[in-house]
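The values are calculated or read from the model by the stated rules, or taken from the named source; none is laboratory data. Predicted model, so just to flag it, every value in this text is computed and none were measured. Every residue, glycine among them, receives a Cβ derived from its backbone with ideal geometry; neighbour counts consider all protein chains shown. SASA here: full protein model, heavy atoms, side chains in, ligands and nucleic acids out. Shrake-Rupley method; radii C 1.70, N 1.55, O 1.52, S 1.80 Å.
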Amino acid sequence: MAEFRPLANPGPLGLGGFALTTFVLNVHNAGILTDVGTALPLGLFYGGLAQLCAGLLEFGTGNTFGMCAFGSYGAFWIALATLIYFKENNVLPGFKDFHGALLWTLIAWTIYTFIMTIATFGHFKALVVIFVSLLVLFILLDIHVITGSAAIGHLAGWEGIWTAFTAWYVMGAVLINEAFGKVVLPLGPIKK
């Protein structure tokens, strides 16, 4: 009989891809980094492809939430990076309404994130913090695109940097707690 070997936890890979890409893009949004080009390869490969892979691997573990979160936000990063690349390089000359496309894309992701945020309340507290932070970020980005306010855009950037650090904390907690076989960084289990 074959020996059973447990699967690795794909969560830290997905969280890492989400956190790093969110951080770099929002360093740009906050006005610290002027060139958004740095974030595009990260959006395609680490935030996008690696997170998408983590979502597919979560399917194998039976984690529906992780599959939906990593799979969807991985696809989000690929789509956003592609949208920005197309705009910056005039790949589709007939594509004239970048503002409208970006606005409705962000509004749709705000709605999706709201639903996912509600679902986090059945999980651990640190996950709730990530998704509440992400929901606030999407709302600020919606307001920024609607109003064109640079101040709101910079505020969204700082909120995005915070969101990235919340995801890095959870990534670190999962890896470190597993490595030491005990709770070193608490995740705050939800009491049912």
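Observations, loosely collected:
- FRET efficiency, LEU103 to PHE165 (Cβ-Cβ, R0 35 Å, nearest 0.05): 0.85
- Part-to-part distance (alpha-carbon centres) for region 1-42 and region 45-85, which is given in Å: 10
- Helical runs (DSSP H, four residues minimum) scored at -39500 (n - 2.57) apiece and divided by the length of the chain put the mean residue ellipticity at 222 nm at -25000 deg cm²/dmol.
- Normalised contact order of region 33-99, rounded percent, pairs of Cα under 8 Å and 6 or more residues apart: 34
- Spacing of the modelled spin labels on THR34 and PHE114, each 7 Å from Cα toward Cβ, amounts to 3.8 nm.
- Percentage relative contact order, region 88-192, counting C-alpha pairs under 8 Å, at least six apart: 28
- Computed with a 1.4 Å probe on the full set of protein chains, the accessible area for LYS87 sits at about 90 Å².
- Paramagnetic reach from LYS125 in region 165-189 [backbone N under 12 Å; point 7 Å along Cα→Cβ]: 186-189
- When semi-axes √(5λ) of the Cα gyration tensor in Å is computed from the coordinates, the matching label among [x] 22, 21, 19; [y] 39, 19, 12; [z] 31, 19, 15 is [z].
- A dipole drawn for the chain from +1 and -1 charges on Cβ atoms has a positive end, and of PHE45, THR117, ALA151 the residue lying farthest that way is THR117.
- The figure for PHE86 is an accessible area of roughly 70 square angstrom, using a 1.4 Å probe on the protein chains alone.
- Stokes-Einstein diffusion for region 80-192, with the hydrodynamic radius set to the Kirkwood value over Cα pairs and evaluated at 4 °C in a medium of 1.567 mPa s, equals 81 µm²/s.
- In the chain, the portion of solvent-accessible area held by carbon and sulfur atoms comes to 73 percent [1.4 Å probe, whole percent, DNA, RNA and ligands not counted].
- Relative contact order for the chain, counting Cα pairs under 8 Å that sit 6 or more residues apart, in percent: 27
- Cα-based Kirkwood hydrodynamic radius, region 100-156, one decimal, Å: 11.7
- Lys-Lys pairs in the chain that are eight or more residues apart or on separate chains and whose Cα atoms lie under 26 Å of each other come to 6.
- Residues GLU88, GLU58, sorted by accessible area with the largest first, give GLU88, GLU58 [1.4 Å probe; ligands and nucleic acids excluded].
- Screening the chain for DSSP H helices whose Cα atoms reach 24 Å or more along their own axis and whose mean Kyte hydropathy is at least 1.6 gives 125-147.
- Taking every Cα-Cα distance in region 4-99 and sorting them into 5 Å bins from zero, the calculated P(r) comes out as 3, 15, 21, 18, 15, 12, 8, 5, 2, 1, 0 percent.
- Amide hydrogen neighbours beyond the local backbone of LEU185, cut-off 5 Å, H modeled: ASN177
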